[in-house]
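Structure first, commentary second.
No value in this document is a laboratory result; all are computed from the given coordinates. None of the values given here were measured: they were computed from a predicted structure. Virtual Cβ from ideal backbone geometry, glycine too; neighbours counted across all protein chains shown.
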Amino acid sequence: MSMTDDRTISSVRVRQGLLGQGIAALLALSVPILIVLYWLTIPTGAWIWVAVAQLVVFAAIALATVRFLRVRIGVTDTHLLERRFFFGTTRIPLESIHRVVMLEMHRTMASQSRLQMFVLNEAGKPLLRMRGEYWSRNSINRIASHLTMAPIEHVDHPVTLDELQSTRPEMLYWFERRPSRMP
């Protein structure tokens, strides 16, 4: 089933501004290096290797751009669908969703909080996570509005990553967990 299937109730895309920021950062890093490499290799005739490397880098950027533009989350009558950057499409049956947790999270007390949505199974393990760094508040709320088969828990106060690590580490990605803080 594709994300554009007639049975798709709602579909959202990742923040498009992230693509421009990423490409700008890559160009800011690679262009000065390429200029220096061309300057050093043109007199010796080895510039062709720099041009090949440049083509490979730009092809990788083009592929990453296409992959990025395909990332989305959708809801059908029967499934929650996540088209990922690397790993294809994850299909989550709506009946396996037991609870949805919505909270404002910030990395440190000084950072701005961002809305996060955790879709959990019966055991409390995350089936899907929408992070405010990548998804707009409207996109998260739009998907949540279609997950009416499960109770939606709203955490009233902003939570830090440290608090979440100590209270609900199972909801975090493996690289966000700190084993020394787990109960």
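Which angle between 0 and 90 degrees, to the nearest 10, do you get for helix 17-41 versus the longest principal axis of the chain when only C-alpha atoms count? Between the helix axis and the principal axis of the chain, the angle is about 20 degrees. Packing here is the average count of other Cβ atoms within 10 Å per residue, and on that basis the peptides 111-123, 143-155, highest first, run 111-123, 143-155. Across the chain, the relative contact order, built from alpha-carbon pairs under 8 Å that are at least six residues apart, equals 20 percent. Between the helical axis of 47-70 and the longest alpha-carbon principal axis of the chain there is an angle of about 20 degrees.
Calculated [222 nm] ellipticity per residue, helices only, for the chain: -11500 deg cm²/dmol; basis is -39500 (n - 2.57) per DSSP H run with n ≥ 4, divided by all residues, nearest 500. Largest mean-square fluctuation among THR41, THR167, THR89, in a Gaussian network model of the chain whose springs join Cα atoms under 10 Å apart, belongs to THR41.
Please go through the stretch 53-97 and write out the trypsin sites (Lys or Arg not before Pro) that DSSP classes as loop and that have at most 10 other C-beta atoms within 10 Å.
Numbers: sites: ARG67, ARG70, ARG72, ARG83, ARG84, ARG91; in loops: ARG84.
Hits after loop and neighbour filter: nothing returned.
Tally Lys and Arg at +1 and Asp and Glu at -1 over the other residues with C-beta under 11 Å from the C-beta of LEU127: what net charge comes out? Result for the local shell: +2. Counting only Cα atoms, the size of the chain along its three principal axes is 68, 45, 26 Å, in decreasing order. Highest mobility in the GNM of the chain, judged by mean-square fluctuation with C-alpha springs under 10 Å and restricted to PRO158, PRO93, PRO32, is found for PRO32.
Among LEU161, LEU103, LEU26, the largest mean-square fluctuation in a Gaussian network model of the chain (Cα springs under 10 Å) belongs to LEU26.
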